[in-house]
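Step one of this worksheet: look at the structure below.
The values are calculated or read from the model by the stated rules, or taken from the named source; none is laboratory data. Since this is a predicted model, take the numbers as computed values, not measurements. Cβ sites come from the backbone with ideal geometry, for glycine too, and all protein chains shown count toward neighbours. Only protein heavy atoms, including side chains, enter the accessible area calculation; ligands, DNA and RNA are left aside. Shrake-Rupley method; radii C 1.70, N 1.55, O 1.52, S 1.80 Å.
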Amino acid sequence: MAKKGRFAEFGDAIRNFWNSPGIPNFIEILEKGLDKELFFDPEKAGERIPLEDLPVDFRLRQSGFLRKSYERIFPVSHLFRITHRYEREFLDGFMPLAAENYIGRGSYKFVYALPWNQVVKIGKSKLPSDPIFGSLYKEVQKNLGKYLKPEEIRLMEFLQQGVWRESLRDEIRFKFARLGLERLHYWKLKSLIPDLVLPTRFFMGLRFRKSPFGIPVITLTPCDNQNLLPGKHLKEFIRLNEKIRQNPIQDALFPKWKLNFDTHRFGVVSKAKLKKIALDFHRVIEVTRHLANEEKLIFDIHSENIIITIPDFELKIFDYHVFDEHLYEPSKENPSPEVDHINLIKEFVRSFELG
C-alpha cells in the first residue's frame, strides 16, 4: 500500500507540474513572438512593396463569373478581430478591405492585401464533409480549450446564447473549431521547420460587406494574417525547356516537362544560396516523410505554397494544410501518397546540378 501511495504521490506531483501556471500552454507557445514579428504602425508603415517584386501569379485562383458578380453587388468594406471583453463581444484591429486589394483565393480562403505590407486571409464557408475536417478536426473538437484562447471560448458561448436554433449554435461552434484546426495545422509544420514557416496569427474575424440596400452584410469567420514578403512563387523559377516523353495521346493532351531551376531569372542565385535552398528542400522532404510515417498525415504542398524571397533567395512556406492519408488515392508507381510530393521536390532540386 505504501508503494502504491508513493506512486500516486509521484503522479500528483507530475500533474501539478504540468498544470502549473508557469508552464506555457499550446497557444502561448504558438503565439510567442508574434506581437513583435507582425507588429506594424499604420502611420509609419513605410512604402508598399512594389507589385513587380511580388509573385507574378499572385492571384492564385481567379473567381468565376458568379463570384465576381457577387463581389460587385456586395463589395467588401472592412474586417475586425472579434473577441470577448467587458462581458460582451468586442471588436479590435480594424482592417480596411477593398476590391482592388483582392489578391486571389485558395481552396479555403480569400486573400486581401492590407495597406501596411501584410495580407489577411478570410476563411471561406465550408461544409463539415470537406476533407480538411478529418482526424485533426476531431482532436480539436474534443479539446477546444487547448486550441482556443479563454476569451475565444467565452465569445463562442456568448454568441451561442444569442441564437435560439440548435443548428445555429452548432454552426458557431463549427467555426470556432475550424479556427483551432487552422492553428493545429500550422503548429504541425512550425514545430518541425520553424525558420521556413512564415509567422502567422490566427483569429476570429467579423467581415463587413456593403449592400445595395444600405444594410451591411456581416459574416463571422476564422481568419489569419501574415507579413507580405517580396519574392516569387517556386514555379516562377521553373524553366520548361525539356519535354518528358509519354505516349502520343498524353503528349498531346497532358504534356509533361522537366522542372529546371532558372538561376538567372530574378538575379543571379549563387551556388551557396542554391545549396541552402536545396538543404531546406531536403528538410521539407524529411518533414513530409515524418508526418506520413509517424502520424499518417499528408503535407499538402504545392508550388503556390512556397516562395523564394528576393533579393535574399530564401525558401519560405506560407500556406499550411495537412490531410489524413486515407483521403489520397495511391498510384501504381507510388503506393504511398506522400511520395508524389517528395519526388516532385527531388526532381526540382536535381535541376540545381549541385552534384
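Within region 341-355, does at least one residue satisfy the condition of being modelled with pLDDT of 75 or more, within 19 Å of the chain's Cα centre (by Cα) and among the acidic types (D, E)? Checked region 341-355: no residue is modelled with pLDDT of 75 or more, within 19 Å of the chain's Cα centre (by Cα) and among the acidic types (D, E). What are the residue pairs meeting all of these: first residue in region 296-313, first residue not assigned by the TED database to the domain that holds L327, second residue crowded, with 22+ Cβ neighbours inside 10 Å, Cβ atoms under 7 Å, and 6 or more apart or on different chains? Close Cβ pairs (under 7 Å, with a partner that is crowded, with 22+ Cβ neighbours inside 10 Å) do not exist here. Just one of the numbered conditions (1) surrounded by 17 or more Cβ atoms within 10 Å (Cβ to Cβ); (2) under 25 Å from E28 (Cβ atoms) is not true of K142: (1).
Residue-by-condition table, conditions (1) at pLDDT 90 or above; (2) within 15 Å of D224 (Cα to Cα):
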{"site": "F90", "(1), (2)": "yes, no"}
{"site": "R105", "(1), (2)": "no, yes"}
{"site": "Y108", "(1), (2)": "yes, yes"}
{"site": "Q118", "(1), (2)": "yes, yes"}
{"site": "D130", "(1), (2)": "yes, no"}
{"site": "N143", "(1), (2)": "yes, no"}
{"site": "E152", "(1), (2)": "yes, yes"}
{"site": "R165", "(1), (2)": "yes, no"}
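Within region 99-136, track down each residue that is more than 30 Å from L297 (Cβ to Cβ) and open to solvent by less than 20 Å² (accessible area, probe 1.4 Å). Hits for region 99-136 are A113, L114. When region 26-77 is limited to residues that are within 18 Å of N101 (Cβ to Cβ) and of a type in the set (D, E), the one that is modelled with the lowest pLDDT turns out to be D57.
Touching an Asp or Glu at 6+ places or on another chain (Cβ under 9 Å) and modelled with pLDDT of 80 or more: does that describe E333? No. Of all residues in region 60-90, those that are surrounded by fewer than 13 Cβ atoms within 10 Å (Cβ to Cβ) and part of a strand (DSSP E or B) total 2. Looking only at residues in region 250-269 that are in a loop (DSSP other than H, G, I, E, B) and over 13 Å from I310 (Cα atoms), the one that is modelled with the highest pLDDT is D262. In this structure, N227 qualifies as surrounded by 13 or more Cβ atoms within 10 Å (Cβ to Cβ), touching a helix residue (DSSP H, G or I) at 6+ places or on another chain (Cβ under 9 Å) and at pLDDT 90 or above.
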